[in-house]
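These notes are about the structure you will find just below.
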Amino acid sequence: MPHRTAQPTAAGLGESPPDIATMRVTVNRLLDPDSAPEALPPAAAEVDILTARLRGHVQLLAPEVELAARELAPGSIARYSVLGCVWEATSRLEAEPCQRYGGPAGYARRLARALNALCDHYEQLSSRP
């Protein structure tokens with residue numbers, strides 16, 4: 001994945017925004033299988049592909065959201081909440097699938113929930129004046 005340097009703007013977000021719509025499609029494939037044309041849970045091979053996509057999306061979006069969060073008032077609840085979300089999402093990148101917690105599919109769903117939260121924060125922070 002090519003590295004791109006975020007250019008901070010007034011809101012703290014990069015000039016070329018991440019493709020949130022594509023990220024949401026990937027999230028929905030795992031968290032809302034009814035939204036996919038097949039309407040079936042993903043097969044094992046697809047879980048691996050979706051996991052790789054989710055990991056890339058989190059790696060792309062987490063720094064953007066963190067940059068925007070650092071523009072919020074120091075000590076504010078909003079700032080700590082967003083930074084906590086970023087920490088949670090990046091922690092998921094360090095984790096490994098575990099049979100106790102649903103194996104590879106469970107791991108992919110946890111990544112999807114973390115990415116979904118990052119997308120929510122990104123949209124909220126990018127709409128701030």
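The values are calculated or read from the model by the stated rules, or taken from the named source; none is laboratory data. Worth saying up front: this structure is predicted, and the values here are computed from it rather than measured. Because the Cβ atoms are built from the backbone with ideal geometry, glycine has one as well, and the counts that use them run over all protein chains shown.
When you check Y80 against the structure, is it free of Cβ contacts under 8 Å to residues at least 40 places away in the same chain and surrounded by fewer than 13 Cβ atoms within 10 Å (Cβ to Cβ), yes or no?
no
So, in segment 72-96, of the ones that are within 18 Å of R53 (Cβ to Cβ) and of a type in the set (G, A, S), which residue ends up nearest to the chain's Cα centre (by Cα)?
So the residue we want is A89.
Name the one entry in A95, A114, A89, A69 that is surrounded by fewer than 19 Cβ atoms within 10 Å (Cβ to Cβ) and either at pLDDT below 95 or in contact with a helix residue (DSSP H, G or I) (Cβ under 7 Å, 6 or more places away or on another chain) (or both).
A95
At pLDDT below 95, assigned to a loop (DSSP other than H, G, I, E, B) and closer than 20 Å to D120 by Cα: is that true of L30 in this structure?
no
From Q99, Q124, grab the single residue that is within 17 Å of the chain's Cα centre (by Cα) and without any contact (Cβ under 8 Å) to a residue 12 or more places away in the chain.
One residue alone meets the criteria, Q124.
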